[in-house]
Each structure stands twice: as C-alpha cells, then as structure tokens.
Amino acid sequence: MQLPHPVQIYFDADQRGDRTAPMTAFAPDAFVQDEGRSYRGHDQIDTWWRDAKRQYAHQAAPFEVKSEGGRVSVRATVTGNFPTSPATLTYHFVLAEGRIAELEILP
C-alpha cells in the first residue's frame, strides 16, 4: 500500500510506539480532531500523542487508502488497551506543502 510520505511517517511512528509525535510530518499550525477534542500546533499535538499512547498503548495498522486532491483517507485496524480493541478507525488527512495540515480520526 502506497501512503503519502507524511502519512507514512505518522503510521511508522505509531507502529513503533514512539512516545513523541512525529512532528516532522505535521505543519507547524496543524489541526487534529480525535475523540471529540481538538488540538492545534506542535505543542498540543505532541501532548495529545503522548497522552493517547500512555492511556491506550495503541498501534494502528493501515489496510485501505483513498486519495483525492490533498485529502487522504486511511482505514486502519487499531489495537491497544481499550474495551473495543481491535477497532477499525478512519484517519482523514489533509496535506499541504508536504505535511499534515489536518487530521481527523473517526470510528
């Protein structure tokens, strides 16, 4: 499966269980929405990533990708320390200038 470079960086870091977010993949003013909460900029995104890894110890394995313009949707099987594990989640990425400008994670 061919993922755009910043999306591949994101999932590679996720699968390695990196404790810090792969900030090279995100634009400085990137926006993330997950579990009904929003995060903007490197500091908030890094905190979100660390907190989620600590709480859920999760890993996402992509199995489907669709691209249209600067939008990339990835479906992934997510396993970790949460009641519905494994779960299928959809990651909607908006890319700009070779980085993730927006990410929304949905069930």
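The values are calculated or read from the model by the stated rules, or taken from the named source; none is laboratory data. All values derive from a computational prediction rather than experimental measurement. Cβ coordinates were reconstructed from backbone atoms using ideal geometry, including for glycine residues, and neighbour counts include every protein chain displayed.
If only residues of region 1-37 that are of a type in the set (S, T, N, Q) and either closer than 16 Å to Pro62 by Cβ or in contact with a Leu (Cβ under 7 Å, 6 or more places away or on another chain) (or both) are counted, the one that is modelled with the highest pLDDT is Gln8. Within region 73-107, being of a type in the set (A, V, I, L, M, F, W, C), touching a residue at least 60 places away in the same chain (Cβ under 8 Å) and either closer than 14 Å to Ala25 by Cα or loosely packed, with under 14 Cβ neighbours inside 10 Å (or both) holds for Phe93, Leu95, Ala96, Ile100, Ala101, Leu103.
I need the full set of residues from region 33-69 which are hydroxyl-bearing (Ser, Thr, Tyr) and assigned to a strand (DSSP E or B), in order please. Hits for region 33-69 are Ser38, Tyr39, Ser67. If you go through region 70-107 and keep only what is in a strand (DSSP E or B) and touching a helix residue (DSSP H, G or I) at 6+ places or on another chain (Cβ under 9 Å), you end up with Val72, Val74, Ala76, Val78, Tyr91, Phe93, Leu95, Arg99, Ile100, Leu103. In region 1-32, which residues are buried (at least 16 other Cβ atoms within 10 Å of the Cβ), in a loop (DSSP other than H, G, I, E, B) and over 11 Å from the mean Cα position of the chain (by Cα)? Scanning region 1-32 gives Leu3, Pro4.
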